[in-house]
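The structure appears below as structure tokens.
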Amino acid sequence: MSLRPSMPSGLNPHLKATLDSGNLPPVKYQILNCQGQDILVGRMKIETSTPSGHAFILRRYDTGAISLTTMFRAAFPTASEQEEKEEVAWVKDNFDLTGNNGSSRDTSITRLAGTWVSPELAVSLAEAYSLGGLINVVVNARPDPTANYRRSGKGAATAPRATPASPAGSSIPPKAPPSPAAAPNPAKRRKESSPSPAKSLEKPPALRRSARTTKSPAPQVSVALPKSPPAKTPRKSIRRELVDTPGGSEQTVVDEEGDTVEDVMGSQLHQQDVAEQKALIEGLKAEREALKTEPKTENDMEVDVKPTSKRGREEEEKLKFEPKEQEKEPRAIATNSRVSRWQMEPKTKSVAWGVAAFLFGAGAV
């Protein structure tokens, strides 16, 4: 077993008072939907000195595991991220955590954020965290199988609230529009939907008098009287009264705690995936560098040396020119058998040529 890192100095000051009081906080249950799977989760609320004022110790009942991450944060709320990583790494190196939480390789178990340990290991680690009595309550807590526990989800928390009916005196009934029969001239009435201001009366044009003797009666001009615009219907004023849940009610506490648990359980999965991918890449890089710096074996040396040594022998051999000695005996020349029959000695050839010349001269005479 490797050396365990030292515990952080900022121990939760509320732990001792909670344990000494004998009134330990209860374990509350809720159903968390993660990756399409419903998981029953138990939570214990622990007071802390952080701005939020509390932390949670979580347990999942599908595998029975307890969150080591929430245990550490409840015991040491002011610890740094590096101290938490060192403690979690030590637990992973020295204990078998298979079957407690899913991973990218093991998809048979729903994966939740953080590191999860078995109840037995949680009880053992709780002694160093000063959480002994509290973890025993979490381990021994048993949910009621017949109970209908609340489902966690921000959709339910942010659902629109029903608005009560407005009182009878808060609205004014609309007035009935004026009857069209009340208009002075129904045939010339204007549209009620678009009232326009009344126009000034125009004087009728003066009639031009003719010089005729017979005077025709002047035509009668009918002038339409302006219609007063209809009275506008006043807008209906509706008062909405929002009924807020009192701050100290149990429903408010359940909603806030449920949303907080959901954030703790699911918000860090992406960061954990990124960290695992980075670790995998760093491991591949380290293996590549190790292969480059690894000393070569004798077989590798022989494979590398053979071609170079062969080339070296070829280069070391100098080219030498060794001319052949001149042959003392004359070389035999192969000739045709027909030509070889006419070969004669030099003296015989001269005598033959002389006889041939004499015969040629005698024939000419």
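The values are calculated or read from the model by the stated rules, or taken from the named source; none is laboratory data. Computed from a predicted model, the values in this text were never measured in an experiment. Note that each Cβ is placed from the backbone with ideal geometry, even for glycine, and that neighbours are counted across all protein chains shown.
For the criterion of being at pLDDT 90 or above, in contact with a Phe, Trp or Tyr (Cβ under 6 Å, 6 or more places away or on another chain) and within 17 Å of A65 (Cβ to Cβ), P119 fails. Please verify whether segment 96-105 includes one or more residues that are among the small types (G, A, S), farther than 28 Å from L15 by Cβ, loosely packed, with under 13 Cβ neighbours inside 10 Å and in contact (Cβ under 8 Å) with a residue 60 or more places away in the chain. Yes, that holds for at least one residue. Being within 35 Å of the chain's Cα centre (by Cα), hydrophobic (A, V, I, L, M, F, W, C) and either surrounded by fewer than 16 Cβ atoms within 10 Å (Cβ to Cβ) or over 30 Å from N94 (Cα atoms) (or both) is the filter here, so list the residues in segment 1-31 that pass it. Selection gives I31 alone.
Quick check on this structure: which one of G42, G36, G64 is under 18 Å from V139 (Cα atoms) and out of contact with any Phe, Trp or Tyr (no Cβ under 7 Å at 6 or more places or on another chain)?
Values: G42 fails: out of contact with any Phe, Trp or Tyr (no Cβ under 7 Å at 6 or more places or on another chain); G36 fails: under 18 Å from V139 (Cα atoms).
The conditions single out G64.
Filter segment 101-131 for residues that are assigned to a loop (DSSP other than H, G, I, E, B) and within 24 Å of P77 (Cα to Cα) and give the result. Break it down into steps so the answer makes sense when it comes.
Taking segment 101-131 as the starting set, the residues that turn out to be assigned to a loop (DSSP other than H, G, I, E, B) are 101-115, 118, 130-131.
Answer for segment 101-131, where residues must be assigned to a loop (DSSP other than H, G, I, E, B) and within 24 Å of P77 (Cα to Cα): N101, L112, A113, G114, T115, S118, S130, L131.
Sort out which residues of segment 99-118 are of a type outside the set (A, V, I, L, M) and in contact with an Asp or Glu (Cβ under 8 Å, 6 or more places away or on another chain), and write them in order of number. Within segment 99-118, S104, T110 qualify.
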